[in-house]
Amino acid sequence: MVPHRRVLQAFALVAMARADGPEHTKLLEIQYDVKFPVTLVDFTTLEVHPYIPEILEAWFLTTDISSTQDYRPLMQAAEHLKVRDIVAMSPDGPTVILPVGVHKLRANQQVRSLLETSLLCEIELEVICADLKHMYGMNVEDVDVERYAELFVDREYIEGQAWTLYTTCIGQEEALFRRVLIGQPKDFVRWRLGAPVSLNCEQVLDRMMSDAFYTEKLIKRNAGNLGITLSKEELARVKLERETIFKAMDFRNKLHDAAGGDHARTALQMLAGVVAKYEGMGDLPSRADLLTEPDGK
């Protein structure tokens with residue numbers, strides 16, 4: 001229903017096992033800064049009952065668990081929904097307690113925004129952990145990020161109506177920010193989030209060339225008439241894009257040569273082959289020997 005569906009399932013389970021279920025759920029929403037996209041009753045009907053065994057569903061619907069204080073069905077249902085590790089007992093009854101590592105990630109709004117956006121954009125876990133360390137000085141374990149993703153960032157629910165409901169939960173501005181980044185290159189996503197990004201020079205030049213090339217194509221297409229008739233401003237822009245292409249190509253070739261282009265690498269490989277050949281024969285020949293033809297000339 002929404003990317004943070006799993007943690008809401010835990011809230012709903014706890015609510016069914018407490019006399020003050022709805023009130024306690026509102027406290028949990030405030031504590032963990034997360035919202036239901038629909039009413040608690042509707043969410044429970046749609047996202048909890050269909051995912052637990054029928055015998056447990058019947059138990060919840062026919063038994064006042066807060067009176068019997070037999071919480072075994074609650075824990076069994078939590079096991080089925082894979083939230084057993086966050087459903088816990090407090091002095092006043094069942095509640096939801098996040099693991100320490102997950103709670104630390106959830107506590108800071110900026111960390112949470114970076115983390116959830118990175119996960120939605122499929123940034124690798126080790127990269128996310130490195131970014132959190134560089135930007136916030138946080139030493140984060142992969143397992144905590146993985147568990148956070150399971151509870152709060154289920155990528156199955158980022159399309160269609162699910163995303164519309166998610167927008168109502170996190171706000172239009174934040175939802176739009178994340179939506180725009182989904183599907184973008186990962187280094188761009190990290191740069192947009194403020195993470196330290198290091199790019200390969202050839203990669204940057206390649207992107208400059210491709211952007212300039214397709215921008216020129218777009219200008220001509222928008223101008224119509226197969227791009228034959230262009231305005232003065234459009235001609236100037238086409239010229240600028242072409243200059244960008246040629247300059248980037250020139251810089252790329254210079255980088256290639258500075259790194260020892262194809263000819264240099266071929267020569268080095270041939271030299272290495274000659275050295276290897278004579279090493280196998282014993283003493284290496286002198287420079288004069290190498291320059292002397294076999295007949296002694």
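All of the numbers you see were taken from the coordinates with simple rules; none came from a lab. What you see is a predicted model; the values in this text were computed from it and never measured. We place every Cβ from the backbone using ideal geometry, glycine too, and count neighbours over all the protein chains shown.
A few notes on this one:
- Sites W191 and D85 - FRET efficiency at Förster radius 45 Å, r taken between beta-carbons, to 0.05: 0.85
- Rounded to the nearest 10 degrees, the angle from helix 125-136 to the longest Cα principal axis of the chain is 90 degrees.
- Point-charge dipole on Cβ atoms (K/R +1, D/E -1) for the chain, about Cα centre, debye to 20: 1060
- Ranked packing of 222-231, 122-131, 179-188, most packed first, by mean Cβ within 10 Å: 122-131, 179-188, 222-231
- Anisotropy class of the stretch 5-97 from Cα gyration tensor, a/c 1.5 cut: rounded
- FRET efficiency for I97 and D64, using Cβ-Cβ distance with R0 set to 30 Å, rounded to 0.05: 0.80
- K133-L226 pseudo-label distance in nm [points 7 Å out on the Cα-to-Cβ vector]: 5.9
- GNM top mover of K104, K232, K35 - the chain, alpha-carbon springs below 10 Å: K232
- Centroid-to-centroid separation of the stretch 213-233 and the stretch 65-144 [C-alpha atoms, Å]: 52
- ³J(HN,Hα), Karplus 6.51/-1.76/1.60, whole Hz, each residue of the stretch 45-55, x for Gly, Pro: 5, 8, 10, 10, 4, x, 10, 10, x, 4, 5
- Among E29, E234, E202, residue whose mean-square fluctuation peaks in a GNM of the chain (springs only between Cα atoms under 10 Å): E234
- From its DSSP helices (H runs of at least four residues, each -39,500 (n - 2.57)), the chain gives a residue-normalised ellipticity at 222 nm of -20500 deg cm²/dmol.
- Paramagnetic label reach from V143 (point 7 Å along Cα→Cβ; backbone nitrogen cut-off under 18 Å): within the stretch 64-89, residues 82-87.
- Checking (i) 20.8; (ii) 24.8; (iii) 24.3 against Kirkwood radius over Cα pairs in Å calculated from these atoms, the matching label is (ii).
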